[in-house]
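One structure, as structure tokens, below. Some questions next.
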Amino acid sequence: MSLFPPASCPRIVVKIGSALLVDPDGSVRREWLEGIAADIAARVRDGQQVAVVSSGAIALGARRLKLAKGGRASLEDAQAAAATGQIELSRVWADVLGANGLTAAQMLVTLGDLEDRRRYLNAAATLDRLLGLGVVPVLNENDSVATEEIRFGDNDRLAARVAQAAGAGGVVLLSDVDGLYDRNPALPGAIHIPRVERIDGGIEGMADRGSASGMGSGGMVSKIAAARIANAAGAHLAIASGRIEHPLGSQAKHTLFVAEKSAPARKAWLAGGITAHGTIHVDEGAARALGQGRSLLAAGATRVEGDFARGDLVVIAGPDGRPLARGLAEYPSEDATRILGRRNEEQTELLGYAPRSTLVHRSHMALL
């Protein structure tokens with residue numbers, strides 16, 4: 001049985017890493033890709049809607065431009081390679097999907113497109129319409145304009161955010177690894193983890209930071225981060241081996257990260273946010289209150305990091321520094337610092353204006 005069969009999962013997102021799509025010499029692995037396209041076509045015929053997040057633009061462009069280090073010697077090289085390679089990548093996808101009677105659509109997105117709420121909703125509407133029309137959207141990060149400060153940096157987390165925007169029930173990360181191991185799989189005695197019910201510190205500690213191929217930008221750390229985002233939106237995520245023919249048509253070896261019940265759309269968007277503008281640290285009492293579904297009050301806050309405005313996304317961290325929640329700040333960082341640990345009746349004098357009831361309201365907060 002294949003991962004996320006159409007009968008139980010109406011909509012999925014499939015991410016394909018660079019090492020699977022592009023050979024070390026920079027040429028497309030055409031025969032393998034044709035097998036993937038056939039797998040997608042079979043799923044579409046069975047009633048499943050499929051979106052693809054495809055790496056490979058930089059690797060393809062670097063070959064054409066004869067750039068050193070696979071096009072990653074500098075940001076400028078990577079941007080030039082991405083702009084050149086994206087045309088070839090789109091053409092290849094249009095060809096292999098077209099040969100199976102499917103129409104491909106290209107969507108290039110930046111971090112801001114999925115972090116800004118209005119732009120996120122626009123992207124979600126476009127995805128929904130394309131999938132409803134039976135089109136296969138092929139997405140990639142717009143690396144030709146993205147910089148280190150404003151980019152996802154890996155297509156694993158992008159795929160999870162796309163799944164969230166598309167309302168997909170499953171995400172398949174096809175990669176040069178076949179899942180999570182309790183240690184680096186190259187080490188003797190490494191044990192494969194087939195199923196993860198909850199992502200905790202122990203699971204995160206198993207992550208190996210390397211990409212085995214050297215071509216991609218996403219190691220196991222980014223894949224676990226992607227699983228967190230997908231699971232928060234109610235989508236299961238599988239890290240599966242793409243080193244076999246027709247990996248979507250067979251039961252490829254994998255690790256399944258199981259989602260609990262789906263959060264409301266806005267809270268899922270907050271939980272999946274990547275670019276927080278700051279951190280508010282809280283004491284034990286506030287941490288317990290957050291766990292009970294309450295808002296964050298200034299009385300329970302101990303420290304503010306970062307420079308943020310009212311309405312910016314911030315992380316709320318517990319006494320041990322671990323993130324507890326994400327939410328939208330009710331105060332700019334300067335005013336939040338002034339009222340740390342203070343009760344409401346003290347805040348008017350400190351601020352010079354009538355205070356708001358919370359630092360972060362529970363309606364604009366998602367627990368992690």
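Residues checked against (1) crowded, with 18+ Cβ neighbours inside 10 Å; (2) farther than 28 Å from Val50 by Cβ:
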site	(1), (2)
Ala73	no, yes
Asp77	yes, yes
Leu97	yes, no
Gln106	no, no
Val109	yes, no
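Just give me the residues in segment 10-31 being open to solvent by less than 30 Å² (accessible area, probe 1.4 Å) and either small (Gly, Ala, Ser) or at pLDDT 95 or above (or both), in sequence order.
Ile12, Val13, Val14, Lys15, Ile16, Gly17, Ser18, Ala19, Gly26, Ser27
Return the residues of segment 336-357 that are closer than 16 Å to Asp283 by Cβ and either at pLDDT 90 or above or not assigned by the TED database to the domain that holds Arg288 (or both); say none if nothing qualifies.
Ala336, Thr337, Ile339, Leu340, Gly341, Arg342
Additional query: Would you check if Ser333 is on the phi < 0 side of the Ramachandran plot, modelled with pLDDT under 90 and small (Gly, Ala, Ser)?
No: the conditions fail for Ser333.
Evaluate segment 54-69: report whether one residue or more is touching a strand residue (DSSP E or B) at 6+ places or on another chain (Cβ under 7 Å) and β-branched (Val, Ile, Thr).
Looking through segment 54-69, none of the residues is touching a strand residue (DSSP E or B) at 6+ places or on another chain (Cβ under 7 Å) and β-branched (Val, Ile, Thr).
Also, I was wondering about something else. Go through segment 178-197 residue by residue and tally those that are in contact (Cβ under 8 Å) with a residue 12 or more places away in the chain, open to solvent by 40 Å² or more (accessible area, probe 1.4 Å) and not in a strand (DSSP E or B).
Looking only at that region, the number is 6.
Mind listing whichever residues of segment 37-58 are part of a helix (DSSP H, G or I) and more than 17 Å from Gly134 (Cα to Cα)?
Selection gives Ala57, Ile58.
Residue-wise test of (1) touching a residue at least 12 places away in the same chain (Cβ under 8 Å); (2) open to solvent by less than 10 Å² (accessible area, probe 1.4 Å); (3) in contact with a strand residue (DSSP E or B) (Cβ under 9 Å, 6 or more places away or on another chain).
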{"site": "Leu270", "(1), (2), (3)": "yes, yes, yes"}
{"site": "Ala276", "(1), (2), (3)": "yes, no, yes"}
{"site": "Pro323", "(1), (2), (3)": "yes, no, yes"}
{"site": "Thr348", "(1), (2), (3)": "no, no, no"}
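Something else now. Say whether the condition of being acidic (Asp, Glu) and either under 19 Å from the mean Cα position of the chain (by Cα) or surrounded by 15 or more Cβ atoms within 10 Å (Cβ to Cβ) (or both) is met by at least one residue in segment 284-301.
No, the conditions are met nowhere in segment 284-301.
Going by what's in this entry, would Ala57 be described as of a type outside the set (Val, Ile, Thr), crowded, with 19+ Cβ neighbours inside 10 Å and outside the structural domain of His277 (by the TED database)?
When the stated conditions are applied, Ala57 passes them.
Here is a yes/no grid of residues against (1) at positive phi; (2) in contact (Cβ under 8 Å) with a residue 24 or more places away in the chain; (3) aliphatic (A, V, I, L, M):
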{"residue": "Ile87", "(1), (2), (3)": "no, no, yes"}
{"residue": "Leu102", "(1), (2), (3)": "no, yes, yes"}
{"residue": "Asp116", "(1), (2), (3)": "no, no, no"}
{"residue": "Leu121", "(1), (2), (3)": "no, no, yes"}
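Going through segment 306-328 one residue at a time, which ones are modelled with pLDDT of 90 or more, of a type in the set (Gly, Ala, Ser) and assigned to a loop (DSSP other than H, G, I, E, B)?
Gly318, Gly321
Could you pull out the residue among Thr279, Thr275 that is within 13 Å of the chain's Cα centre (by Cα), polar (S, T, N, Q) and not assigned by the TED database to the domain that holds Ser18?
Result: Thr275 is the single residue among Thr279, Thr275 that is within 13 Å of the chain's Cα centre (by Cα), polar (S, T, N, Q) and not assigned by the TED database to the domain that holds Ser18.
The values are calculated or read from the model by the stated rules, or taken from the named source; none is laboratory data. Fair warning: this is a prediction, and the values are worked out from it, not measured in the lab. Glycine gets a Cβ as well: all are built from the backbone with ideal geometry, and neighbour counts include every protein chain shown. Quick note on the areas: whole protein, heavy atoms, side chains included, nothing else; ligands and nucleic acids left out. Shrake-Rupley method; radii C 1.70, N 1.55, O 1.52, S 1.80 Å.
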